[in-house]
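K.L.:
Take this structure, written in structure tokens, and hold onto it; I'll ask about it next.
The values are calculated or read from the model by the stated rules, or taken from the named source; none is laboratory data. Here the structure is a predicted model, which is why all the values come from computation and not from measurement. Glycine also receives a Cβ, built like all others from the backbone with ideal geometry; neighbour counts cover every protein chain displayed.
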Amino acid sequence: MIPDAPYMDMHTHILPGLDDGSQSMDETRSMLKYAYDEGIRVIIATPHFGIRNPGFRIEEAEQVLSEVQAEADRITPGVRILLGNELLYTEGIVDSLVRGEAKTIGGTSYALVEFRTSDSYDKICKCVQEFKWNGYIPLIAHLERYRCLEGNLSYVENLVRMGAVIQVNCRSFMGGTNSTDGANQGSRHRGIFSRKPASSGFFLEEKTGWARNLLGSGMVHLIASDCHDDGIRRPVYRSALEAMEGYCSEEDLYRIARVNVLHLIRNEHME
């Protein structure tokens, strides 16, 4: 049996106009309703930060978050939204955290960090060491995407031993996207992001077998929707837990959806 709601979605792109996520407040309202229906009651908004999104400013993000929280209070009462960033790892990205230009997850020591899918294992190890040396806990976003790690459980185990925390996207347990209804297309005007049609397979999870292998090996600390729109990348959470139920124990589901979520919010060591 899966843990009952409420759930926390700790990796989302729900703030409108800040990156390649929601394009309007109308879309954000729709995403909030989908999240609510999935049992999500805490949302960490994690707009991209780094060379892919050079226009990001914390002050603007905080203002937009305030507006979105007001909408959430009106249409999805009880939903709380916190701010973080998804950091693309490049030279000097940790300095942006130190200088306060980028945000950790809800003000904790946990920093959500992503890599290019082609980045090397050595580069990921270097990132983990760099973040740890500077007092941050690297929370690796959608680990299932990185080619250098796929099928290499020993690599993932070593990253965990080094102090990394592993997040896998919900849809990677669901056999890909769950819907094409209302899929949004078109291009962004900020940074170098663009949205691609659903048929392109752009950043859509197709790593179900590898994700389930990670899950069965106890290498998944957290799951998140990584939602970007109200169509093919809408918020999901309960749906993922239902898909995961056949591949791990109730204890593991509880650890992922309850125990580790509390550790994250309380800035405690992750299991």
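K.L.:
In region 247-270, what count of residues is obtained for those that are within 16 Å of Ile166 (Cα to Cα) and either free of Cβ contacts under 8 Å to residues at least 24 places away in the same chain or not in a helix (DSSP H, G or I) (or both)?
P.N.:
Number satisfying all stated conditions: 8.
K.L.:
Having 1 or more residues that are free of Cβ contacts under 8 Å to residues at least 12 places away in the same chain and more than 30 Å from Met31 (Cα to Cα) is the bar; report the helices (runs of 4 or more DSSP H) wholly within region 55-167 that clear it.
P.N.:
93-98, 121-133, 153-162
K.L.:
Do we find that Val64 is at pLDDT 95 or above and either closer than 23 Å to Gln167 by Cα or touching a helix residue (DSSP H, G or I) at 6+ places or on another chain (Cβ under 6 Å) (or both) in this structure?
P.N.:
Against the criterion (at pLDDT 95 or above and either closer than 23 Å to Gln167 by Cα or touching a helix residue (DSSP H, G or I) at 6+ places or on another chain (Cβ under 6 Å) (or both)), Val64 does not qualify.
K.L.:
Sticking with this structure for a sec: Provide a single number: the residues in region 18-35 that are crowded, with 18+ Cβ neighbours inside 10 Å and either among the basic types (Lys, Arg) or not in a helix (DSSP H, G or I) (or both).
P.N.:
Counting residues in region 18-35 that are crowded, with 18+ Cβ neighbours inside 10 Å and either among the basic types (Lys, Arg) or not in a helix (DSSP H, G or I) (or both) gives 7.
K.L.:
Taking Ile43, is it more than 24 Å from Cys170 (Cβ to Cβ) and in contact with a helix residue (DSSP H, G or I) (Cβ under 9 Å, 6 or more places away or on another chain)?
P.N.:
no
K.L.:
Looking at Arg57, is it modelled with pLDDT under 95 and under 29 Å from Asp95 (Cα atoms)?
P.N.:
no
K.L.:
Now for a different question. Could you identify the single residue in Tyr136, Tyr110 that is modelled with pLDDT of 95 or more, in contact with a Ser or Thr (Cβ under 9 Å, 6 or more places away or on another chain) and farther than 21 Å from Asp226 by Cα?
P.N.:
Sole residue among the options that is modelled with pLDDT of 95 or more, in contact with a Ser or Thr (Cβ under 9 Å, 6 or more places away or on another chain) and farther than 21 Å from Asp226 by Cα: Tyr136.
K.L.:
A further question follows. Tell me, yes or no, whether region 3-19 has at least one residue that is over 19 Å from Pro235 (Cα atoms) and not polar (S, T, N, Q).
P.N.:
no
K.L.:
Just one of (1) under 16 Å from the mean Cα position of the chain (by Cα); (2) at pLDDT below 95 trips up Asp9, so point out which.
P.N.:
(2)
K.L.:
Still on this structure: Please work out if Ile43 is closer than 18 Å to Gly106 by Cβ, among the β-branched types (Val, Ile, Thr), surrounded by 24 or more Cβ atoms within 10 Å (Cβ to Cβ) and touching a residue at least 12 places away in the same chain (Cβ under 8 Å).
P.N.:
Yes.
K.L.:
Scan region 210-238 residue by residue and report those that are among the basic types (Lys, Arg) and buried (at least 20 other Cβ atoms within 10 Å of the Cβ).
P.N.:
Arg212, Arg233, Arg234
K.L.:
If a residue must be among the hydrophobic types (A, V, I, L, M, F, W, C) and within 19 Å of the chain's Cα centre (by Cα), how many such residues does region 65-82 contain?
P.N.:
So the count comes out to 5.
K.L.:
Somewhere in region 252-271, is a residue within 28 Å of Asn53 (Cα to Cα), surrounded by fewer than 20 Cβ atoms within 10 Å (Cβ to Cβ) and at pLDDT 95 or above?
P.N.:
Yes.
K.L.:
Another one. Select from region 211-246 the residues that are of a type in the set (Gly, Ala, Ser), within 25 Å of Gly21 (Cβ to Cβ), assigned to a loop (DSSP other than H, G, I, E, B) and out of contact with any strand residue (DSSP E or B) (no Cβ under 7 Å at 6 or more places or on another chain) and list them in ascending order.
P.N.:
Gly231
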